[in-house]
Amino acid sequence: HLNGEYAFVLVDHAEKQIFLVRDPVGNKPLYYYQEKNDLFVSSEIKSFKSIFKLQFDPAVLMQKLAMQYHEPKNTLFQDIKQVEPGKIVCFNYETGQLSVSTFFDLYKDKKQKYSSKKMMLLLKQSVARRIDKQNPAIALS
């Protein structure tokens, strides 16, 4: 399994599928727009402006204004979706069929009980993976 922040696209030409994958916490954004058998993908919504005119989605806009929240898969723009954290979007470019599956559920996994020893071990492993061994430094904020 992968560690860290990521959002990426894999293309499987043999199966005629495109996979959009986003890290479990959702640090790296990944947006998509489907039009029949075509899929447009970007890490920024503004890049879609060069392809088509962006229009606000009134339902999502009202939800955002009323509750200061909107569903993670939706964006403020019509038909532009966001890959949710810990999800894989699978798109078959021959049939135009799109499906979403979960590979990591942060809320389900957070209920897991860890001992203090296990937590310390996980914290040390996490820090060790991210330390630049040639230029070690620490910053606390």
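The values are calculated or read from the model by the stated rules, or taken from the named source; none is laboratory data. Note that the structure is predicted; figures quoted are calculated from it, not measured. Backbone-built Cβ (ideal geometry, glycine too); neighbour counts: all protein chains shown. To get the accessible areas, we keep the full protein, side chains included, count just its heavy atoms, and leave off ligands, DNA and RNA. Shrake-Rupley method; radii C 1.70, N 1.55, O 1.52, S 1.80 Å.
Here are the numbers:
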| read-out | value |
| --- | --- |
| Hey, Gly4 of a type outside the set (Lys, Arg), in contact with a strand residue (DSSP E or B) (Cβ under 9 Å, 6 or more places away or on another chain), part of a loop (DSSP other than H, G, I, E, B) and at positive phi or not | no |
| For Phe48: the one exception among (1) open to solvent by 30 Å² or more (accessible area, probe 1.4 Å); (2) modelled with pLDDT under 95; (3) touching a strand residue (DSSP E or B) at 6+ places or on another chain (Cβ under 8 Å) | (1) |
| Selection count where residues are part of a strand (DSSP E or B) and over 20 Å from Val11 (Cβ atoms), scope the stretch 37-81 | 4 |
| Selection from the stretch 1-18 of residues that are modelled with pLDDT of 90 or more, under 18 Å from the mean Cα position of the chain (by Cα) and open to solvent by 50 Å² or more (accessible area, probe 1.4 Å) | Phe8, Val9, Leu10, Val11 |
| Close pairs from the stretch 61-81: first under 24 Å from Leu98 (Cα atoms), partner open to solvent by 80 Å² or more (accessible area, probe 1.4 Å) and in a loop (DSSP other than H, G, I, E, B), Cβ under 6 Å, at least 6 apart | Gln78/Gln55; Lys81/Lys73 |
| Output for the stretch 117-141, where each listed residue is outside any loop (DSSP other than H, G, I, E, B) and either surrounded by 10 or more Cβ atoms within 10 Å (Cβ to Cβ) or modelled with pLDDT under 75 (or both) | Lys118, Met119, Met120, Leu121, Leu122, Leu123, Lys124, Gln125, Ser126, Val127, Arg129, Arg130 |
| Hits in the stretch 88-114 (condition: touching a Leu at 6+ places or on another chain (Cβ under 9 Å) and either over 30 Å from Asp38 (Cβ atoms) or at pLDDT below 75 (or both)) | Tyr114 |
| Conditions (1) open to solvent by 70 Å² or more (accessible area, probe 1.4 Å); (2) over 25 Å from Leu2 (Cα atoms); (3) touching a residue at least 40 places away in the same chain (Cβ under 8 Å); number of the one not met by Val25 | (2) |
